[in-house]
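Peer 1: Starting off with a structure, shown below.
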Amino acid sequence: MSSSQTSGNVEQVLADQAVFRSVVGHFASGVTVISTQVDGKTGGSTASAVSSLSMDPPMMLMCLNQSSHTHDMVQAAGGFAVNILAEGQEAVAMQFARKGEDKFEGVAHHDSLGMPVVDGALATIVCRTVETVRGGTHTVFLAEVLGATEHPGLPLTYFRGKFGRLDRSDENGTYEKVRSWVLSRSAPVGTAVDMQELAEELGGQQEHVRNALIRLGAERLVTRVGDGAYAVALLPVETIQRLLEVRTGLAMGIIEAHSSKIVPAHIAAMRAHLGTLDSLRIDGALVEYLVECDAFYADVAKIAGSLPLSNANYRYSISQVWGTATITGWADLCGHSYLRDIVDALELGDAASATDAVAAHGRALGGLAGRITKGVGL
């Protein structure tokens, strides 16, 4: 409902509360937990009405509903902590948003300058209240900053009533660059990666490079060699075969689910690779041949019209990891004829035969990987 008030000689109608709530929800914000402690008893509430107020002296501004139990505790304590939540802490935000007295039940926390702070928070700011101002149903707390800490990570966000996270396009882009750098063997196997130097070389942030190496560690493409350090890993044949299996599965799934979307342009794009592949096979250029195979399967992935699927296909490309391999007789073992079988079957609308050919080609390349001369190392 709306209400009216008089300003001078003009009667002004205030905005409808429901409309205001909906509109103000379009303001994307971070998510915080305001925590405090009185006589050894902890309390807190989820809040987004938090802002820095001054740098000299360092001050924060925070608003709490006067009907909340946390409001009374903050007033009694004369201070509070602002816990800026990290992505993945949605459950913590929900717990502190509910009514109840024991908000910290099951939530890991520790003491900081006399205030309870949430473990795993992206940042924490401990404050001492110096002034309060009443505004409608809320109290505005103006407070001096006693201490502040930060940790690596990304913030939990709130927009139009839903939790979310920041766009990671820059970080994902850095991951793809680092992965390509690792697979191309731009550094010797076993040598620790200089993250700052690599970030400068690739044009990314050092933190994004670090996160990329953590992800690549989970993929076994790099190994930990020290406290927070990573080195390019020696890739066993099994790793290459696993990459081939995943890529083969992706191609088969795409054809099975999206064969109805195939148009002449898709067929033409895939068939265009066959002549190049014929020449590379004759010339004996293994790595170049496998690069062209990657391009062929990239066009298969485009059938789905899905960027995530195309990105997944790229992630499991295998051409770069064969660069130092010694494989004899590869031209007769690479399953070359299956590529033409895939295109012919798709052109005839025979998805089952196409997936059979994809599976056969994957097995052929997997067998080829098994012929890598022992000890060469990738």
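The values are calculated or read from the model by the stated rules, or taken from the named source; none is laboratory data. Note that the coordinates shown come from a computational prediction; the quantities given were computed from them, not determined experimentally. Quick reminder, even Gly has a Cβ in these numbers, built from the backbone with ideal geometry, and neighbours come from all protein chains shown. Note: accessible area is taken over every heavy atom of the protein model, side chains too, but ligands, DNA and RNA are not part of it. Shrake-Rupley method; radii C 1.70, N 1.55, O 1.52, S 1.80 Å.
Peer 1: Based on this model, can you work out whether VAL133 counts as touching a residue at least 40 places away in the same chain (Cβ under 8 Å) and in a strand (DSSP E or B)?
Peer 2: no
Peer 1: Tell me, yes or no, whether region 284-292 has at least one residue that is surrounded by 14 or more Cβ atoms within 10 Å (Cβ to Cβ) and modelled with pLDDT of 90 or more.
Peer 2: Within region 284-292 (the criterion being surrounded by 14 or more Cβ atoms within 10 Å (Cβ to Cβ) and modelled with pLDDT of 90 or more), the answer is yes, since at least one residue qualifies.
Peer 1: Sticking with this one: For region 253-360, which helices (runs of 4 or more DSSP H) that fit wholly inside it have 3 or more residues that are under 28 Å from the mean Cα position of the chain (by Cα) and closer than 30 Å to LYS177 by Cβ?
Peer 2: By residue number, 286-301, 307-315.
Peer 1: Let me confirm something: among ARG165, ARG128, which residue is at pLDDT below 95 and not aromatic (Phe, Trp, Tyr)?
Peer 2: Result of the check over ARG165, ARG128: ARG165.
Peer 1: How many of the residues in region 46-60 are in a strand (DSSP E or B) and touching a Phe, Trp or Tyr at 6+ places or on another chain (Cβ under 7 Å)?
Peer 2: Number of matching residues: 1.
Peer 1: Moving on. When the residues of region 76-93 are narrowed to those that are of a type in the set (Gly, Ala, Ser) and assigned to a loop (DSSP other than H, G, I, E, B), which ends up least open to solvent (accessible area, probe 1.4 Å)?
Peer 2: Ranking the candidates gives GLY78 first.
Peer 1: I'd like to verify a number: residues in region 36-52 that are closer than 16 Å to HIS138 by Cβ and out of contact with any helix residue (DSSP H, G or I) (no Cβ under 9 Å at 6 or more places or on another chain), how many?
Peer 2: Selection size over region 36-52: 4.
Peer 1: Which of the residues spanning region 193-207 are surrounded by 13 or more Cβ atoms within 10 Å (Cβ to Cβ) and either in contact with a strand residue (DSSP E or B) (Cβ under 9 Å, 6 or more places away or on another chain) or closer than 11 Å to GLY173 by Cβ (or both)?
Peer 2: Result: VAL193, MET195, LEU202, GLY204, GLN205.
Peer 1: Which of (1) modelled with pLDDT under 80; (2) open to solvent by less than 30 Å² (accessible area, probe 1.4 Å); (3) among the hydrophobic types (A, V, I, L, M, F, W, C) does PHE159 not meet, given it meets every other one?
Peer 2: Of (1) modelled with pLDDT under 80; (2) open to solvent by less than 30 Å² (accessible area, probe 1.4 Å); (3) among the hydrophobic types (A, V, I, L, M, F, W, C), only one is false for PHE159: (2).
Peer 1: Quick one: in region 300-326, which of the residues that are of a type outside the set (Lys, Arg), closer than 21 Å to THR276 by Cα and open to solvent by 20 Å² or more (accessible area, probe 1.4 Å) is modelled with the lowest pLDDT?
Peer 2: GLY323
Peer 1: Enumerate the pairs (first residue in region 213-241 and closer than 17 Å to LEU198 by Cβ and open to solvent by less than 60 Å² (accessible area, probe 1.4 Å); second residue anywhere and among the hydroxyl-bearing types (Ser, Thr, Tyr) and assigned to a loop (DSSP other than H, G, I, E, B)) with beta-carbon separation below 7 Å, excluding pairs fewer than 6 apart on the same chain, so at least 6 apart or on different chains.
Peer 2: Filtered contacts from region 213-241: ALA231/THR191; VAL232/THR191.
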